[in-house]
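See below for the structure under consideration.
The values are calculated or read from the model by the stated rules, or taken from the named source; none is laboratory data. Note that the structure is a prediction, hence the values are computed from the model and not measured. A quick note on method: Cβ atoms are made from the backbone with ideal geometry, for glycine too, and the neighbour counts reach across all protein chains shown. With ligands, DNA and RNA removed, areas are computed over all heavy atoms of the protein, side chains included. Shrake-Rupley method; radii C 1.70, N 1.55, O 1.52, S 1.80 Å.
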Amino acid sequence: MWSPVVVCKRTLMVGEETMDAAELIGYLSPTKPRRLRVIENILIGKRTVSTLYWGMRYHQLAWLGYDKQLTRQTMDGHVERLVHDGLLSVTDTNAVLTKKGAERQQVLRQTRYQPKALPVRLTVDLDTFWQRFLLATQVVSEQSYQTRKYYPLQVAWPVKQMIKKWYQQFYSADLSAEFNAVLTRFLKQLAVREATFFSRLLVGHDRPGETLLQLAQQNGLSSSEAHLMLTDLACQFVHFLRAQSDSSVKALLAGLSRQPISESALNTLNRFQAGQALEEIGHQRRLKVSTVKEHLLEAAIMLPVDQFPYEKLLTPQLQNELSDQFATQNLDDWQFNQLSNTQVAFWQFRLFEILRSKQTDDQQ
């Protein structure tokens, strides 16, 4: 079907450092101090309950693991620059935007690319999909010109094998027309700049495709912003394909769906849903009961309210009691040591905070 020679590789570069100072401004608030270590841990993908909880409160869980190679040195360097420029005030490791920083944030929200579908990246292996899609686009383009020998994109071996099987399954005289129709429908939904950006990354017959660096320079974008645009456009495309009827292009998503929670947390949740007690789960999985509880808290944070059994862990009476006690306080000001009921465990208190946070967000 094609020559075995490979010449280039195009992925989403998830493992590369991408954050710049302007991006950091977007993670901060002008009204409430935010923990810099939480933001850092979210970006590198650290899944402690504390990190996930505050990431939820900051509305930043979509960024989980977005910049896995981010270093403390890079992070602190951006913080120092923002402080020096009068955009940020830091006390210990808590940061809040100054008035000047808030003004800068508003300008950036109007001028810098703002993602629209980033949470999708938590539910799909985005890098593998993007490799599949780029190679499939090249293969279909060459097929339409009846070209049998060409230099394919360099992709992971499993991706190359999958595309070979995919091509054999969907090969027909209409494959190119179907592929083009799906892609055209997607591009028409985008703004002109984003549609052009997306299409120029694609490789086809006598078309090498442009690199992310080239597109960043052409569009006056930083490498951080260009990377974000690519990632979000790929997320938008996945969301678009999921809503389509079965097609050759949608088939590129086969086997790539994933849960937003860790496999271990999912295992614990499934066992609990099946009726096992926390102690039994811990014994069978050789885990501390405290770890089992942390798994459930992770699941509660990462899943929609209707996908987690709050009612099995928080009785209506306990929920009413906690609601009454904190009725006049902002959620972020709640303190465990304020509880009058000393029988409530901290993990139950945290679970109720998670539930109330999600219920409040749904009402806004």
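What to note about this one:
- Number of residues in the range 46-75 that are among the charged types (D, E, K, R) and either open to solvent by less than 50 Å² (accessible area, probe 1.4 Å) or touching a Cys at 6+ places or on another chain (Cβ under 6 Å) (or both): the value is 2.
- Enumeration of residues in the range 261-294 that are within 24 Å of Val120 (Cβ to Cβ), out of contact with any Asp or Glu (no Cβ under 8 Å at 6 or more places or on another chain) and of a type outside the set (S, T, N, Q): Glu263, Leu266, Leu269
- Residue in the range 97-119 that is under 30 Å from His295 (Cβ atoms), part of a helix (DSSP H, G or I) and modelled with pLDDT of 95 or more present: yes
- Among the residues of the range 309-349, just one is among the β-branched types (Val, Ile, Thr) and touching a Leu at 6+ places or on another chain (Cβ under 9 Å), namely Val344.
- Within the range 84-98, at least one residue is in contact with a strand residue (DSSP E or B) (Cβ under 6 Å, 6 or more places away or on another chain), among the small types (Gly, Ala, Ser) and open to solvent by less than 40 Å² (accessible area, probe 1.4 Å).
- Against the conditions (1) open to solvent by less than 30 Å² (accessible area, probe 1.4 Å); (2) in a helix (DSSP H, G or I), Lys293 satisfies every one except (1).
- Scanning the range 157-192 for residues that are at pLDDT below 95, part of a loop (DSSP other than H, G, I, E, B) and open to solvent by less than 50 Å² (accessible area, probe 1.4 Å) yields one hit, Ser172.
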